[in-house]
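Please read the structure below before turning to the comments.
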Amino acid sequence: MTRVLKLFPTKMLEGKLPAPQIKKLHPQFMQQLEELEAFDRAGQAWSKKNYRGGYTSYGSLDNLHWRHPAFSDLEKLMSKQVQKYARSLNWDLRGQKLVMTTCWISRMGTDTTHSNHIHPHSVISGTYYVKAPVGVSSLKVEDPRLDRFMASPPKKEKAPLNERPFIYLPAKEGQFYLFESWMRHEVPPNPVKGDRISISFNYGLEN
């Protein structure tokens, strides 16, 4: 008798904010983005070099949860989800607390891309979608064992989702994803004319 063991799962948390919260927060996010794009000179310069065709406050103002009530409200909502996610990971926090350390907003225009990366110095990262027209780029996540596959044959096109080397998670308004910060991910070029607007954030441990 034999059996197939499924070992070392990679867990993410997917969810969506309630409609009343979306209705309340999204106009504030859009207004704040408009103001930042107009007056954040450092962010404009950083985006011109590193985020062509779009804007992000990542390189200039990455503490929006300290600066604007709407982002502070989002922090409170996400912190509840982060606690739920941490429990699913069976972490022993040993008295430490998970706290949001950075938070920034991004607008991806047509052909704007975000290359493959991880989030150092944090333990949980996430993204929340404020605006996601039909056809915008998905969040592309990578199997963390990819560099160890060596001579392994490629997977079938219809392989189960959790067995594929890359997974594309669709961006939808009001939706969020949480993942461990070591997970390598990227956003392919935005193929549509509409903007893809998201808020990203990191959580770290504090005593």
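Read the figures in this text as sums done on the coordinates, not as results from a lab. Note that this is a predicted model, so its numbers are computed, not measured. Because the Cβ atoms are built from the backbone with ideal geometry, glycine has one as well, and the counts that use them run over all protein chains shown.
Some values worked out for this structure:
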{"read-out": "Test: Val141 is touching a strand residue (DSSP E or B) at 6+ places or on another chain (Cβ under 6 Å), over 17 Å from Glu180 (Cβ atoms) and surrounded by 14 or more Cβ atoms within 10 Å (Cβ to Cβ)", "value": "no"}
{"read-out": "Residues within region 56-66 that are touching a strand residue (DSSP E or B) at 6+ places or on another chain (Cβ under 6 Å), part of a loop (DSSP other than H, G, I, E, B) and either surrounded by 20 or more Cβ atoms within 10 Å (Cβ to Cβ) or among the small types (Gly, Ala, Ser) (or both), tallied", "value": "1"}
{"read-out": "Within region 74-120, tally of residues that are β-branched (Val, Ile, Thr) and out of contact with any Phe, Trp or Tyr (no Cβ under 9 Å at 6 or more places or on another chain)", "value": "1"}
{"read-out": "Test: residue in region 44-55 that is out of contact with any His (no Cβ under 7 Å at 6 or more places or on another chain), farther than 24 Å from Val136 by Cα and surrounded by fewer than 19 Cβ atoms within 10 Å (Cβ to Cβ)", "value": "yes"}
{"read-out": "Ser125 vs. criteria assigned to a helix (DSSP H, G or I) and among the small types (Gly, Ala, Ser)", "value": "no"}
{"read-out": "Residue satisfying all of: in region 97-125; more than 18 Å from Lys76 (Cβ to Cβ) and small (Gly, Ala, Ser); surrounded by the most Cβ atoms within 10 Å (Cβ to Cβ) among these", "value": "Ser106"}
{"read-out": "Region 91-113 residues that are touching a residue at least 24 places away in the same chain (Cβ under 8 Å), paired with ones that are surrounded by 15 or more Cβ atoms within 10 Å (Cβ to Cβ) and among the β-branched types (Val, Ile, Thr) (beta carbon under 6 Å, 6 or more apart)", "value": "Leu98/Val82; Ile105/Ile199; Ser106/Thr56; Arg107/Ile197"}
{"read-out": "Check on Pro160, free of Cβ contacts under 8 Å to residues at least 12 places away in the same chain and farther than 23 Å from Asp62 by Cβ", "value": "yes"}
{"read-out": "Those residues of region 1-41 which are β-branched (Val, Ile, Thr) and surrounded by 11 or more Cβ atoms within 10 Å (Cβ to Cβ), in sequence order", "value": "Thr10, Ile22"}
{"read-out": "Test set (1) assigned to a loop (DSSP other than H, G, I, E, B); (2) under 30 Å from Gly95 (Cβ atoms) - Val192 fails condition number", "value": "(2)"}
